[in-house]
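The values are calculated or read from the model by the stated rules, or taken from the named source; none is laboratory data. It should be emphasised that the depicted structure is a prediction, and the values quoted were computed from it without experimental measurement. Neighbour counts run over all protein chains shown; Cβ positions are idealised from the backbone, glycine included. Areas reflect the complete protein model, heavy atoms only, side chains present, ligands, DNA and RNA absent. Shrake-Rupley method; radii C 1.70, N 1.55, O 1.52, S 1.80 Å.
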Amino acid sequence: MTTGVRRRLTVEERRQQLIGVALELFARRSPDEVSIDEIASAAGISRPLVYHYFPGKLSLYEAALKRAAEDLADRFREPHEGPLGARLLRVMRRYFDFVDDHGPGFSALMRGGPAVGSSTTNALVDSVRQAAYVQILSHLRIEEPPARLELVVRSWISLAESTALLWLDGRHVPREELEVQLVQDFAALIAVGAAHDGPTAALLKPLLKDEPGDGPFADLVTRLVSLAA
């Protein structure tokens, strides 16, 4: 009879384990409310051993939030195939999947606080916003947007973020409705921008040409027409 021997984790494996444990706890409570003792207990190691891998509480929080920020930024990646409205809707569904799964951590990261208000974590939040901005521009097939279009895209990213935070406070509106609404918000913002800016209008026309009659953009037009009837 042979006895299994537990393999000793490498330094990097242990660090990644602790980051994963911290993120699981952040999914239920704000990082400010999670102690090193809790993380150590959940990982099955002692408190001093946690400090062997991370020099302080903030460094572990920053490492965990860095992984979360990278995950959130990846939610904006989408193949450039099919109508723009459908692509954005898939992005919003993945975005809200993340928000739903990491509610307290997402809220703390975006709103700031003692554990997540360092220059490092602020830079992480900015990196998520920038990654989202670059991805949206890629779907618009443009690298150097006119000034008005840049304002539209960045404003929409801020709107998605604030909408998600408000939704977390009570979840009073079904998230599926908010996902569609945010895609339609994007259409409305870019339409207003196009109405005031020739370069944005020139960009908008070929994109709308491929939109199907049953897509989120067409649905917005139908709803607006019904309001004016």
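For a Förster distance of 41 Å, can you work out the FRET efficiency between the beta-carbons of GLU81 and ARG47, rounded to the nearest 0.05?
0.25
If we count GluC sites (Glu not before Pro) as exposed when they sit in a DSSP loop and have at most 15 other beta carbons within 10 Å, what is the longest stretch of the chain that avoids them all?
144-229
Using only Cα atoms and rounding to the nearest 10 degrees, what angle (0 to 90) does helix 84-101 make with the longest principal axis of the chain?
With rounding to tens, the tilt is 30 degrees.
Checking the a/c ratio against 1.5 first, then a/b against b/c, what shape does the Cα gyration tensor give for segment 128-227?
Here segment 128-227 falls in the oblate category.
FRET efficiency for GLU176 and LYS205, Cβ-Cβ distance as r, R0 = 30 Å, nearest 0.05?
0.50
What is the sum of charges around GLY213, taking Lys and Arg as +1, Asp and Glu as -1, for the other residues whose C-beta is under 15 Å from the C-beta of GLY213?
That works out to -2.
Compute the acute angle (0 to 90°) between the alpha-carbon long axis of helix 57-74 and the principal axis of greatest extent of the alpha-carbon atoms of the chain; round to the nearest 10°.
30 degrees
For ARG8 and ALA123, what is the calculated FRET efficiency with R₀ set at 35 Å and r taken between the beta-carbons, to the nearest 0.05?
In this case the efficiency is close to 0.55.
Expressed in nm to one decimal, what extension gain is obtained for the pair ARG15 and ARG29 from 0.36 nm per residue of sequence separation less their Cα-Cα distance?
Length difference between fully extended and current span is 3.0 nm.
Just from its helices, what would the mean residue ellipticity at 222 nm be for the chain, if runs of 4 or more DSSP H residues each count -39500 (n - 2.57) and the sum is divided by every residue, rounded to the nearest 500 deg cm²/dmol?
The per-residue figure over the chain is -24000 deg cm²/dmol.
If I model a spin label at SER155 and ASP214 as a point 7 Å from the Cα along the Cα→Cβ vector, what separation in nanometres do I get?
Modelled inter-label distance: 3.3 nm.
For LYS66, which lysines qualify as cross-link partners when the Cα separation must be under 18 Å and same-chain residues fewer than eight apart are set aside?
LYS57
Given a 1.4 angstrom probe, I'd like the percentage of the accessible area of segment 149-229 that is carbon and sulfur, rounded to a whole number.
62 percent
Could you give the semi-axes, largest first, of the ellipsoid that matches the chain, computed as the square roots of 5 times the alpha carbon gyration tensor eigenvalues and rounded to whole Å?
Over the Cα atoms of the chain, the ellipsoid semi-axes are 41, 17, 17 Å.
Going by alpha carbons, how many degrees (0 to 90, nearest 10) lie between the helix axis of 216-228 and the longest principal axis of the chain?
50 degrees
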